[in-house]
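A quick write-up on the structure given underneath.
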Amino acid sequence: MSGFFITFEGPDGAGKTTQINKVAGKLRQLGKKVAVTREPGGTKLGEAIRNILLDPQQNNLCSEAEVLLYAAARAQHVVEVIKPALAEGKIVLCDRFLDSSIAYQGFGRKLNLDIIQTVNRYAVAGIKPDLTVLLDVPVTVGLQRIKSKGGLDRIESEKLVFHEQVRQGFYQLSRQEPDRFRVIDASRPVDVVSRQVWQVVAERLGDLQYEDDNHGGTG
Ligand code: TYD
């Protein structure tokens with residue numbers, strides 16, 4: 001697959017959406033082909049599942065169903081959006097991916113990590129991010145940002161300790177795969193964060209450019 005898959009992860013309120021849009025804008029200015037997408041969502045099915053998952057009225061949803069719904073949305077997303085975009089050579093910028101299921105359902109809900117991995121291995125069909133930008137923010141700061149913009153969804157309404165566990169989960173994942181992860185302190189002003197995000201993205205895409213040059217003419 002010739003594209004490049006970048007995921008953005010982090011606790012709620014880390015500012016992923018803003019940062020992804022900024023990166024996408026810069027890449028497009030440079031003439032790169034970019035696809036911006038998100039989880040849960042990115043497809044018609046995924047957006048419908050997203051509505052269920054984030055609906056505060058769904059207060060009876062069991063954790064097992066939660067894992068499977070996120071994974072179902074992901075399976076459709078991989079087949080319908082991510083794989084085709086990568087096959088076209090696009091840089092795919094994805095707001096959350098499998099790491100969110102490990103952090104939220106595994107570390108947050110305390111569900112069996114092996115089961116989450118197994119279900120998701122089926123869903124992702126071999127797709128793995130080339131780079132994961134972890135926007136880290138203290139949970140109180142993140143939740144405050146969300147509250148100032150409006151109401152909390154079903155996941156955001158979880159207790160503080162849940163969000164703390166999620167944050168720790170992301171941190172642990174980043175320690176397990178330091179080559180894939182870049183951790184950025186997202187509690188700072190947007191422009192400071194975006195400069196650092198661009199730095200790590202540009203650094204990795206520099207490699208991609210190099211690879212492309214090496215493989216020039218091979219189709
Ligand atoms: P997000 O798109 O970041 O929310 P928003 O658009 O409101 O900023 O993610 C939706 C929520 O779903 C978020 O609280 C994290 C959660 N989530 C999981 O619990 N597991 C997952 O696998 C994914 C992808 C997201």
- Message: Multiplying the sequence separation of ALA202 and LEU30 by 0.36 nm and subtracting their Cα-Cα distance, what value in nm do you get?
- Response: 60.8 nm
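Could you work out the helix-only [θ] at 222 nm for the chain, with each DSSP H run of four or more residues adding -39,500 (n - 2.57) and the total divided by the number of residues, to the nearest 500 deg cm²/dmol?
Working: 8 runs with 110 residues, N = 219.
Calculated from helices alone, the mean residue ellipticity at 222 nm is -16000 deg cm²/dmol.
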- Note on the structure: Residue span ASP185 to SER2: 0.36 nm per residue of separation minus Cα-Cα distance leaves a gain in nm of 62.8 nm
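Which shape class applies to the stretch 20-144: rounded if a/c is under 1.5, otherwise prolate when a/b exceeds b/c and oblate if not, where a ≥ b ≥ c are the square roots of the Cα gyration tensor eigenvalues? Could you put the intermediate results ahead of the total?
Working: a/c = 1.77, a/b = 1.42, b/c = 1.25.
It is prolate, given that a/c is not under 1.5 and a/b is the larger ratio.
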- Estimate the FRET efficiency between ALA125 and GLU88 by the formula 1/(1 + (r/R0)^6), using the beta-carbon distance for r and 22 Å for R0, to the nearest 0.05. 0.80
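Could you sort the peptides 78-84, 132-138, 109-115 by per-residue average Cβ neighbour count (10 Å cutoff), highest mean leading? Display every interim value, and only then the final one.
Working: 78-84: 18.9, 132-138: 22.4, 109-115: 13.3.
Put in order of decreasing packing, that is 132-138, 78-84, 109-115.
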- Measure off 7 Å from each Cα along the Cα-to-Cβ vector at ASN21 and ILE52, then give the distance between these two points in nanometres to one decimal. 2.9
- C-alpha center-to-center spacing [the stretch 127-183, the stretch 64-78] in angstrom: 19
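Using only C-alpha atoms and all pairs of different ones, pull out the Kirkwood radius for the chain in Å with one decimal.
Roughly 17.8 Å, rounded to one decimal.
Using a 1.4 Å probe on the protein chains only, how many percent of the accessible area of the chain belongs to carbon and sulfur? Intermediate results must be reported in sequence, preceding the final value.
Numbers: 5640 of 11030 Å².
On the chain, the fraction of accessible area on carbon and sulfur atoms equals 51 percent.
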- the stretch 121-164: trypsin sites (Lys or Arg not before Pro) falling in loop per DSSP and having at most 13 other Cβ within 10 Å: LYS159
- Note on the structure: Net charge (Lys, Arg +1; Asp, Glu -1) of residues whose beta-carbon lies under 15 Å from that of ALA103, ALA103 excluded, is -3
- Accessible area (Å², 1.4 Å probe, nearest 10) - ARG180: 20
- Once you put a point 7 Å from the Cα of ASN59 and another 7 Å from the Cα of SER157, both along the Cβ direction, what distance in nm separates them? 0.6
- According to a simple spin-label model (label point 7 Å from Cα along Cα-to-Cβ), what is the distance in nm between VAL192 and GLU80? 4.0
- In the neighborhood of HIS163, defined by Cβ-to-Cβ distances under 9 Å, what is the net charge if each Lys or Arg adds +1 and each Asp or Glu adds -1? -2
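The values are calculated or read from the model by the stated rules, or taken from the named source; none is laboratory data. The model shown is predicted, which means the values in this text are computed figures rather than measured ones. Neighbour counts are summed over all protein chains in view; Cβ atoms, including those assigned to glycine, are modelled from backbone coordinates with ideal geometry. Just the protein is used for accessible areas: all its heavy atoms, side chains included, with ligands, DNA and RNA removed. Shrake-Rupley method; radii C 1.70, N 1.55, O 1.52, S 1.80 Å.
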